[in-house]
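For reference, the structure discussed in these notes is given below.
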2 protein chains.
Amino acid sequence: MANSQPQEGVSGRKIIYDEDGKPCRSCNTLLDFQFATGKISGKRAASATGAASSNSAGSLGPTATEKIPGSKTHAKGDPPDVEVLGRSSWNLLHTISANYPTKPSDRQKSEMKQFLQLFSHIYPCSWCASDFERYLRDHAPKLGSRDEFGRWMCDAHNEVNVKLNKETFDCNFWQKRWKDGWDE
Amino acid sequence: MANSQPQEGVSGRKIIYDEDGKPCRSCNTLLDFQFATGKISGKRAASATGAASSNSAGSLGPTATEKIPGSKTHAKGDPPDVEVLGRSSWNLLHTISANYPTKPSDRQKSEMKQFLQLFSHIYPCSWCASDFERYLRDHAPKLGSRDEFGRWMCDAHNEVNVKLNKETFDCNFWQKRWKDGWDE
């Protein structure tokens, strides 16, 4: 059955296409991507949705066990979809804020500001990047101290949580979640 | 039993301490961190090593099911250790290279060069950051096209694989692994 350029994915979200007209891997969930490329039917994708989303809650992607030619250890993992990419990037961004100096120098502040701006230009999911760029414009990064920056990042993540109908995170716990852990 | 500032972790690698004298979460494996903080004994950590490393091969972190106070969905996940942080960051970096333009403008080249330099300054694992900074100095990023950049990133990752005694990845497959997938 032909499945040419559907507008909406199994998730109910709009399918994002690259400039060359192909569905964008980094901008769609794996299931929506597979649906848009005709690899799976809408019915099959819908029945897989439950399992896939519970799997994606904790995993970083590749569940494939088949190895790439000539390799004993490297599995044929799928390229990150928008969710794996998102979790990976928040891991990095929150950990960066957790390791930001408590008393940053002017240079450290200006490097971090520049890093966040560049990040918003080159982030592989185009609509996420635009949203982050707008967030940066409307909410200048608070870079006066580690705690300020950690909370700013937590707020930035919560804006995305709201957009995706996810529960927000209580930012009073940002340091336990991303720096100290829960048992101290 | 007191366990004050051990030099070497259960992994056999040197324990990295922050400037304040505490073990660095983002620079050590979770087990080495727990060993250095006296949370687990060397014996218990050693017996856990097998299970933990097979778990960490695919997961992006939190295995905790207990929720943070007041939340229905946010689990008390551990802050990323050096391995979770590493996998997350390679996910992001390879996907960035996979979405780099096939014919980048001068501005896009210069922004990416700057991004990589800043990345090497602020990456939360200090010894990883220094190694990446040195790699950038010795191997200027190849930013003439997507394929050039994707291969450069694959080579950079392989240098780390060698350092960690892991199998290198055949960079002829970089685009399948990080952009196109294996079934086209």
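The values are calculated or read from the model by the stated rules, or taken from the named source; none is laboratory data. All figures in this text were calculated on a predicted structure; none of them were measured in a lab. FYI the Cβ positions are ideal-geometry reconstructions off the backbone, even for glycines, and counts take in every protein chain you see. With ligands, DNA and RNA removed, areas are computed over all heavy atoms of the protein, side chains included. Shrake-Rupley method; radii C 1.70, N 1.55, O 1.52, S 1.80 Å.
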- Message: Given contacts defined as C-alpha pairs under 8 Å and at least six residues apart, what's the relative contact order of chain A, whole-number percent?
- Response: 17
- Query: How far is helix A:42-56 tilted off the main Cα axis of chain A, in degrees rounded to 10, range 0 to 90?
  - Reply: 30
- Query: What ³J(HN,Hα) values, in whole Hz, does the Karplus curve 6.51 cos²θ - 1.76 cosθ + 1.60 give for the range A:80-90 when θ = phi - 60°, with x put for Gly and Pro?
  - Reply: x, 8, 4, 7, 5, 4, x, 4, 4, 6, 5
- List the distances, in nm to one decimal, from the label point of A:N158 to the label points of the same position in every other copy, shortest first, placing each label point 7 Å from Cα along the Cα-to-Cβ direction. 4.6
- Give the long-range amide H neighbours of A:E167: residues separated by 5 or more places, or on another chain, with amide H under 5 Å away, using H modelled in the peptide plane at 1.01 Å from N. none
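Report, in listed order, any pair from B:K142/B:K166; A:K14/A:K142; A:K166/B:K67; A:K109/A:K166 with a Cα-Cα distance greater than 21 Å.
B:K142/B:K166; A:K14/A:K142; A:K109/A:K166
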- Using a Gaussian network model of chain A whose springs link C-alpha atoms within less than 10 Å, name the residue from A:I15, A:I68, A:I96 with the highest mean-square fluctuation. A:I68
- 10 Å Cβ neighbours from other chains, averaged over peptide B:74-82: 6
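Return one whole number: the accessible area per residue of chain A in Å², for a 1.4 Å probe. Working shown, then result.
Working: 9500 Å² over 184 residues.
Value returned for chain A: 52 Å² of accessible area per residue.
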- Please compute how much accessible surface disappears when A pairs with B, both sides summed, using a 1.4 Å probe, and round it to the nearest 100 Å². 4800
- Query: Mind listing P(r) for the range A:82-180? All alpha-carbon pairs, 10 Å bins, whole percents.
  - Reply: 15, 51, 31, 3
- Enumerate the calculated ³J(HN,Hα) couplings along the range A:94-99 in order (Karplus 6.51 cos²θ - 1.76 cosθ + 1.60, θ = phi - 60°), each rounded to whole Hz, writing x wherever the residue is Gly or Pro. 5, 5, 4, 5, 5, 10
- Message: With a 1.4 Å probe and all protein chains kept in place, how much accessible area does A:D131 have, in Å² rounded to the nearest 10?
- Response: 40
- Note on the structure: Note on the range B:82-180: contact order normalised by length, alpha-carbon pairs under 8 Å, 6 or more apart, percent, works out to 35
- Would you be so kind as to identify which of B:A140, B:T95, B:H157 lies farthest towards the positive end of the dipole of chain B, taking Lys and Arg as +1 and Asp and Glu as -1 on Cβ and the Cα centre as origin? B:T95
- Query: Which of B:K72, B:K103, B:K22 moves the most in a Gaussian network model of chain B with Cα springs under 10 Å?
  - Reply: B:K72
- List for the range A:167-184: residues with 40 Å² or greater reduction in accessible area, all protein chains versus chain alone, probe 1.4 Å? A:E167, A:F169, A:F173, A:R177, A:K179, A:W182, A:D183
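Among B:154-161, A:27-34, what's the highest-first ranking by average C-beta atoms within 10 angstrom per residue?
Ranked by mean Cβ neighbours within 10 Å, highest first: A:27-34, B:154-161.
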- Query: Once the Cα atoms of helix A:146-163 and of chain A are each reduced to a long axis, what angle between those two axes, in degrees from 0 to 90 to the nearest 10, is obtained?
  - Reply: 30
- Item | 1.4 Å probe, heavy atoms, protein only - residues of the range B:107-137 losing at least 30 Å² accessible area vs chain alone | B:E111, B:Q114, B:F115, B:L118, B:H121, B:I122, B:P124
- Query: Once phi is turned into ³J(HN,Hα) by the Karplus curve 6.51 cos²θ - 1.76 cosθ + 1.60 with θ = phi - 60°, what whole-Hz value does each residue of the range B:132-138 show in order, with x for glycine and proline?
  - Reply: 5, 4, 5, 4, 4, 5, 7
- Message: List the residues, sorted by chain then number, that are 5 or more residues from B:E8 or on another chain and whose placed amide H is less than 5 Å from its amide H.
- Response: B:I15
- Note on the structure: Taking Cα atoms only, Rg over Rh for the range B:79-121 with Rh from the Kirkwood formula is 1.07
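For A:R107 and B:K103, FRET efficiency with R0 = 51 Å and r from the beta-carbon atoms, rounded to 0.05?
Working: r = 34 Å, r/R0 = 0.67.
It comes out at approximately 0.90.
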- In degrees rounded to 10, the 0-90 angle between helix B:106-122 Cα long axis and the longest Cα principal axis of chain B is 20
- Task: Sort the following peptides by mean Cβ neighbour count (other Cβ atoms within 10 Å, averaged over residues), highest first: A:74-81, B:110-117.
- Result: A:74-81, B:110-117
- Which net charge results for the neighbourhood of B:E19, defined as the other residues with beta-carbon distances under 15 angstrom from its beta-carbon, given Lys and Arg at +1 and Asp and Glu at -1? +3
- Query: So, with +1 on the Cβ of K and R and -1 on the Cβ of D and E, and no other charges, what is the size of the charge dipole of the protein assembly as shown about its Cα centre, to the nearest 20 debye?
  - Reply: 240
- Query: What residue among B:R25, B:R107, B:R137 shows peak mean-square fluctuation when chain B is described by a Gaussian network model with Cα springs under 10 Å?
  - Reply: B:R107
- So the carbon and sulfur contribution to the accessible area of the protein assembly as shown, 1.4 Å probe, in percent, is 50
- Query: To the nearest whole number, what is the average tally of beta carbon atoms from other chains within 10 Å of the beta carbons of peptide A:19-28?
  - Reply: 2
